[in-house]
Amino acid sequence: MAEVKVSVLKFANKVSRKKMGSKNGLTTQSPEYRILEPVVTEQMGEVALALEFRKHQNVKEVAAICGKSEELTRELLEQLADAGVAFVNHEAGEDVYWYDTWVPGIMEMMVNNLKNVRKYPQMAVAFNDYGLLRGAASAGMFPVGVGLMRVIPIESAISGETRRASYEEVSKFLNDNTIFSVSDCACRTVREAMGEGCGHLKEDMCIQMGHAAEYYIRTGRGKEITREEAFEVIRKAEENGLMHQVPNTEGAEKTHAICNCCGCSCLSLRSASMFMNADMVRSNYVAQVDPDSCVACGACVENCPVNALQLGQKICSSTPVVETLTHEYTPRNKEWGPEDWNPEYRTNRKDVVESGTSPCKTSCPAHISVQGYIKLASQGKYTEALELIKRENPFPAICGRICPKECESACTRGDIDDPVAIDDIKKFIAEQDLNTERRFIPRKRHDYGKKIAVVGAGPSGLSCAYYLAIDGYKVTVFEKQPVLGGMMTLGIPSFRLEKPVVNAEIDILRELGITFRTGITVGSDITIAELRAEGFEAFYLAVGAQGGRSLGIEGETAADVLSGIEFLREVNLGNEVAVGSQVVVIGGGNVAIDVARTAVRTRAQKVALYCLESRSEMPALEEEIEEAEHEAIAINNGWGPARIILKDGAVTGVEFKRCRSVFDADHAFNPVYDDQDTIIVPADTVLLSIGQSIEWGALLEGSQVQTRANRTAKADRATAQSDEKDIFIGGDALTGPRFAIEAIAAGKEAAISIHRYVQPGQSLVIGRDRREYTAMDKDHLEIGGYDNTPRQRSEHKNTKHLSFSDDRGILTEEQIRKETERCLGCGAVIVDQFLCVGCGQCTVQCKFDAISLVRVYDKAGVDFKDLKPTVMKNVLKRKVKISVKKLQDTVARR
C-alpha cells in the first residue's frame, strides 16, 4: 500500500474547505486526494499549502509561508503549475500563483496534462468519481443559474430574443478578452482514458480566455489562437452537434473558458442526464416546438445533449397518445436518490415516445426523414432535400429506382386512398445528383487521415466509405470485379437501374477523395495482413451475396443450366451469354423476376418462371411481378423442380412437381410436394434463381472471423465488429441477401463503429443512437376530413420494343407540388421542458424553423464567495416544497 502523502492530503482538505481528520474530512480514498497523489510530491504539497484560493502570490510571498528557499519554492511552484494544481500568470513583471476550485478548475487542469493522465489513469477515474459524488449530493440544491458550470445558448438561437442578457452571448466573452487558447476537452480526455469515449473526440475543443489562456499557453496545455480562430472553433463545434458551457463561479459577466460539449461525455451535463438535475446547468431558455412547422425529421432529437426531445405524432387519435413529456417529481419537490437517477443514460437514449411517431421514418431501414424531405420538396428546396436524405443514404437516385418502398407500404395516407408517392418524390429530388453542376457533395467535418480499407464496392461498402470520408478518413475500396457498384451494377438489370445513374452517385465518392482499386481480390491478390502492414487500421468486409445456389437435383450441372446471379452479371458486364429460345427460370423472388425479364431481352423467344410459392406468397414485389407479366413472361405458381431433363448433355426440359406451400410455427416456408402431380416443361436453358450465397474465397484465412452454416459472417449486429477486432462486417455478408437500402444503412453504422475503433479510448456503444423507432397506432387515428387528391403517377416512355433502357418516367415539378401536398405530416417533436437545458443545438439542426428557444428564467451566475448563501436559501425553499408535495400526495391517496 502506498505511503500517505500527508501534505497532499492536507492540501486536498484545504481546497475542499474541510478539516483533515474530522468526520467530513477527506481521506486517501477521496477522489480529491487520488487525483493529486500520483503527481504531487510531499514537497510540492507543502508549497501548495502556502497558496490561497484566487489570491495571487509571488514566489517571495509563498517562500516565506512554506519556509523554503525562493529558488526551491519557484521550482516546486512551476511543478504544481505544470501538474495543473496551481495557476501561474505573469503580472507586473513577476510570476504569481494561486489555486482555484476543484471543478471547474484544478481537476480539468490536471487531466489536461495528457502525459500524466496516460501514465496515471487513476487521475481520470478520480475526476469521474468526484463528479459522481458531487452530482448526487447537489441534486436539487442549486437554484437555476448558479451551478458551477452553465449552459450558454448557441447565439443564433437567441438572436431574436429582445430580453436576452449580454452574459447569455458567447460573443460577449470572446469580445471582452484579448488572449485566447484552445485545448483538448478535459471531460472527453477522462472518458478516453477510461475507455468510455463516445466518438466525439477531445482535440482542440475548449477555449480559454484571459488568465486561463495565459496559463494554458505557458504550460503547453493549449495553443494560442486569435479571436477570429476562437470564433471558428465555436462555429465548427456548433456545426458538429456540440453546445456551449462556461465556468460560472466568477459572477454573471465574467468567465475564463468556453467549453464545447457533448451530452454523452460531459461530466457537467451528467447532472441533467444522469441525475435528472437540469437546474444545475441550464440556461435561462427552454426549447419550444411549433407542431405545424415540425416534420419530425429527428435531427434535433439525435443532437439533443440531454435527450430532452423525442419524436411523437400530431395526428389526432381516439386513444391516448403522448403529447407532452412531464415530470410529477423532480429534484425541486422530492428528496432525490438513486431510484430517481438514470445511470445508463449514455446507452439508453430514446428517439421516440411510447405512443410512436411517423410510420414512414419508422419503417425505412435507414430511418430517413421522409416527412422532412417531402416538406422541403414542396417548398422547391431540392438541394436541401437531397442533403437531408444523404444524412442517411448516399444513393437516393439509385434507391429511387430500386427501393422496396417500405415507407409507402406504411404510409398513413394509404388508409385514406393511396400512399404518398414517396419513392417518386425521392427520385425527382435525386435528379440533382445526376447533374454535375447541381449535385450535393458534403463538406468534410474533420481530417483524421487514418487509413481504412473497405472490401466490396456494393451498396454497403460504398455507404461505409462515404460516411468515413466525410469524417475525414483516407478510405480505399477494393473490388474484385472490373466495375464498381456490386449488385447495383452487376445484379440489377439496366432497365431497372441504368448504369450512368450508379456511376454518377459513385463519382461523388471520388470527389470526397475515396480511392478505388478494381480487379483486386483481397485474400489472394493481397491479404488483410499485408494491408495492415501498409498502415490500414480497420477493415469493412462487405462482399455481398454474389454467388448463386444449387438445387441438388439431377441435371443441374449441365452447361445450359446457369445461376441467375451469374447470368445477370455477365449481361451487365456486356459479355455474350448463350441463351436458347425456350428459357425456364426457377425462383420467385425479385432476382428471379429480373432474370426472367433480362432473358426476354436476349434471344429467348419464350420465358416461363416457375416457383414453389403461391402468387400471394411470392417474395418478389407485386410491382415487379406485374411488369414481368406485362412482358409476356408466364408465371407458374406452386411448382417445385424435380429434375432437369438432358439429351446428349443438352437441356431439353424440366420436370416439376405440384407443390403446396406450408408455413411452420416459425413462419418458415416448408413446401409439401405431390409426387403424383407432375409436368414436364420444354426448355433449352434453365436459369436458377433460388437464392444467393456468400463467397469468401481466401479473404478470411488467418483471421478469427467465424461464419455460420449459411456462410454469413458472425459479427455484432449493433456494431458490426467481428471476433477479429479490426474487422467489421455488414450488408448481405452479415445478414444474408437483403435490399440495397438495408445494406446502405448497415454501411453507415459500420462507419460509426470504425471511427470509434481507430480512435483511442472510444467505446463502440456509449453515446450511440440505437435508432429504435416505433410507429404510431394507425388503427385509431382520426383522419376524416382530408382531401382526396389523387396520387400523381409518372408516365412511361413510349418504347415499341423491350430494351435495356429504363422506360419509367419521372414526375414533373408540377406533379411534385401536388404530390407533396398529399402528405399528412404525421409526426412532430415533443419537448421535455424540465430536462431541456436550453443549449440551442436543436435550433441549429432544424431546417424548418420549427423549434426555438424561449426565455423562461431570468437568473444570473454569482461569484464563488456568494455561492453558499445563495444555495442555502434555495435549500430552505426546497424543503418547504418537498413538505407541501408530500402533504398533497397524502391527501390524494385518501
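Taken over region 814-866, the criterion of being assigned to a loop (DSSP other than H, G, I, E, B), open to solvent by 20 Å² or more (accessible area, probe 1.4 Å), of a type in the set (Val, Ile, Thr) and touching a strand residue (DSSP E or B) at 6+ places or on another chain (Cβ under 6 Å) is satisfied by VAL856 alone. The residues of region 491-513 that are out of contact with any Asp or Glu (no Cβ under 9 Å at 6 or more places or on another chain) and either of a type outside the set (D, E, K, R) or farther than 15 Å from ALA457 by Cα (or both), listed by number, are PRO500, VAL502, ASN503, ILE506, LEU509, GLU511, LEU512, GLY513.
The condition of being of a type in the set (Ser, Thr, Tyr), touching a Ser or Thr at 6+ places or on another chain (Cβ under 8 Å) and crowded, with 19+ Cβ neighbours inside 10 Å holds for only one of THR330, THR357, that being THR357.
Please go through region 508-566 and pick out each residue that is of a type in the set (S, T, N, Q) and under 30 Å from ILE452 (Cβ atoms). Outline the logic, then answer.
Narrowing region 508-566 to residues of a type in the set (S, T, N, Q): 515, 518, 521, 524, 527, 546, 550, 557, 563.
Correct list: THR515, THR518, THR521, SER524, THR527, GLN546.
Selection over region 225-249 of residues that are closer than 26 Å to ASP129 by Cβ, hydrophobic (A, V, I, L, M, F, W, C) and assigned to a strand (DSSP E or B) gives a count of 2. Of the strands (runs of 3 or more DSSP E) lying entirely inside region 52-164, those containing at least 2 residues that are surrounded by fewer than 17 Cβ atoms within 10 Å (Cβ to Cβ) are 87-91. Just a yes or no: is a residue in region 628-637 of a type in the set (A, V, I, L, M, F, W, C), closer than 24 Å to ARG597 by Cα and open to solvent by less than 20 Å² (accessible area, probe 1.4 Å)? Yes, that holds for at least one residue. Residues in region 524-563 that are in contact with a Lys or Arg (Cβ under 6 Å, 6 or more places away or on another chain) and not charged (D, E, K, R): GLY535, PHE536, ILE553, GLY555. Sub-7 Å Cβ pairs linking a first residue in region 66-94 that is free of Cβ contacts under 8 Å to residues at least 40 places away in the same chain and within 21 Å of ALA212 (Cα to Cα) to a second residue that is hydrophobic (A, V, I, L, M, F, W, C) and part of a loop (DSSP other than H, G, I, E, B), at least 6 apart or interchain, are LEU77/ALA86; ALA86/LEU51, ordered by first then second residue. Quickly run through region 698-720 and pick out the residues that are in a loop (DSSP other than H, G, I, E, B), touching a residue at least 60 places away in the same chain (Cβ under 8 Å), open to solvent by less than 70 Å² (accessible area, probe 1.4 Å) and among the small types (Gly, Ala, Ser). Scanning region 698-720 gives ALA698, SER703, ALA720.
For region 19-51, give me each residue that is surrounded by fewer than 17 Cβ atoms within 10 Å (Cβ to Cβ), at pLDDT 95 or above and of a type in the set (D, E, K, R). Listed by number, the list holds a single entry, GLU42. Of everything in region 721-774 that is in a helix (DSSP H, G or I) and more than 17 Å from the chain's Cα centre (by Cα), the residue that is surrounded by the most Cβ atoms within 10 Å (Cβ to Cβ) is ALA733. The residue list GLU534, GLU511, GLU530, GLU498 contains one member that is in contact with a Ser or Thr (Cβ under 8 Å, 6 or more places away or on another chain) and open to solvent by 50 Å² or more (accessible area, probe 1.4 Å), which is GLU498.
Let's see how each residue does on (1) over 23 Å from the mean Cα position of the chain (by Cα); (2) surrounded by 23 or more Cβ atoms within 10 Å (Cβ to Cβ); (3) at pLDDT below 95:
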residue: GLU431; (1), (2), (3): yes, no, yes
residue: PHE440; (1), (2), (3): no, no, yes
residue: ILE452; (1), (2), (3): no, yes, no
residue: GLY519; (1), (2), (3): yes, no, no
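Just need a number here: residues in region 581-599 that are part of a helix (DSSP H, G or I), open to solvent by 10 Å² or more (accessible area, probe 1.4 Å) and not aliphatic (A, V, I, L, M). Please lay out each step first, then the result.
Looking only at region 581-599, we keep the residues that are part of a helix (DSSP H, G or I), and these are 590-599.
Now narrow it down to the ones that are open to solvent by 10 Å² or more (accessible area, probe 1.4 Å): 590-591, 597.
Cutting the leftovers down to not aliphatic (A, V, I, L, M) gives us 590, 597.
Of the residues in region 581-599, 2 are part of a helix (DSSP H, G or I), open to solvent by 10 Å² or more (accessible area, probe 1.4 Å) and not aliphatic (A, V, I, L, M).
Here is a yes/no grid of residues against (1) in a helix (DSSP H, G or I); (2) under 22 Å from PHE395 (Cβ atoms):
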| site | (1), (2) |
| --- | --- |
| TYR466 | yes, yes |
| VAL477 | no, yes |
| VAL501 | yes, yes |
| ALA504 | yes, yes |
| GLU537 | no, no |
| VAL543 | no, yes |
| THR557 | no, no |
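Scanning region 194-221 for residues that are of a type in the set (Gly, Ala, Ser), surrounded by fewer than 24 Cβ atoms within 10 Å (Cβ to Cβ) and closer than 16 Å to MET109 by Cα returns GLY210, GLY220. Close contacts from region 249-275, counting a first residue that is touching a residue at least 40 places away in the same chain (Cβ under 8 Å) and open to solvent by 20 Å² or more (accessible area, probe 1.4 Å) and a second that is part of a helix (DSSP H, G or I) and hydroxyl-bearing (Ser, Thr, Tyr), with Cβ to Cβ under 8 Å and a gap of 6+ residues or different chains, come to ALA252/TYR167; GLU253/SER166; GLU253/TYR167.
Could you say which residue among LEU568, LEU509, LEU484 is part of a helix (DSSP H, G or I) and closer than 21 Å to ILE729 by Cβ? First the steps, then the outcome.
Details: LEU568 fails: closer than 21 Å to ILE729 by Cβ; LEU484 fails: part of a helix (DSSP H, G or I).
The conditions single out LEU509.
In summary, GLU3 fulfils each of the numbered conditions (1) outside any loop (DSSP other than H, G, I, E, B); (2) surrounded by fewer than 16 Cβ atoms within 10 Å (Cβ to Cβ) with the single exception of condition (1). Looking only at region 372-389, which residues are assigned to a helix (DSSP H, G or I) and open to solvent by 20 Å² or more (accessible area, probe 1.4 Å)? Answer for region 372-389, where residues must be assigned to a helix (DSSP H, G or I) and open to solvent by 20 Å² or more (accessible area, probe 1.4 Å): LYS375, SER378, TYR382, THR383, GLU384, GLU387.
Reported count of residues in region 148-202, each being aromatic (Phe, Trp, Tyr) and modelled with pLDDT under 95, is 1.
Considering only region 455-470, I want to know if a residue exists there that is in contact with a Phe, Trp or Tyr (Cβ under 6 Å, 6 or more places away or on another chain) and either modelled with pLDDT of 95 or more or open to solvent by 40 Å² or more (accessible area, probe 1.4 Å) (or both).
As a first pass, look at region 455-470 and keep what is in contact with a Phe, Trp or Tyr (Cβ under 6 Å, 6 or more places away or on another chain): 455, 464.
Checking which are either modelled with pLDDT of 95 or more or open to solvent by 40 Å² or more (accessible area, probe 1.4 Å) (or both) leaves us with 455, 464.
Yes; the residues of region 455-470 include at least one that is in contact with a Phe, Trp or Tyr (Cβ under 6 Å, 6 or more places away or on another chain) and either modelled with pLDDT of 95 or more or open to solvent by 40 Å² or more (accessible area, probe 1.4 Å) (or both).
Of everything in region 543-572 that is open to solvent by 30 Å² or more (accessible area, probe 1.4 Å) and among the aliphatic types (A, V, I, L, M), the residue that is farthest from VAL483 (Cα to Cα) is ILE553. Remark: pairs (first residue in region 859-886, modelled with pLDDT under 95; second residue exposed (fewer than 14 other Cβ atoms within 10 Å of the Cβ) and among the hydroxyl-bearing types (Ser, Thr, Tyr); Cβ separation under 8 Å; 6+ apart in sequence or on different chains) are absent. Counting only residues that are open to solvent by less than 20 Å² (accessible area, probe 1.4 Å) and of a type in the set (D, E, K, R), which one in region 390-415 is farthest from PRO459 (Cα to Cα)? The selected residue is ARG413.
The values are calculated or read from the model by the stated rules, or taken from the named source; none is laboratory data. Treat the numbers as computed from the prediction; the structure is a model and nothing was measured. Glycine gets a Cβ as well: all are built from the backbone with ideal geometry, and neighbour counts include every protein chain shown. Accessible surface areas use protein heavy atoms only, side chains included; no ligands, DNA or RNA. Shrake-Rupley method; radii C 1.70, N 1.55, O 1.52, S 1.80 Å.
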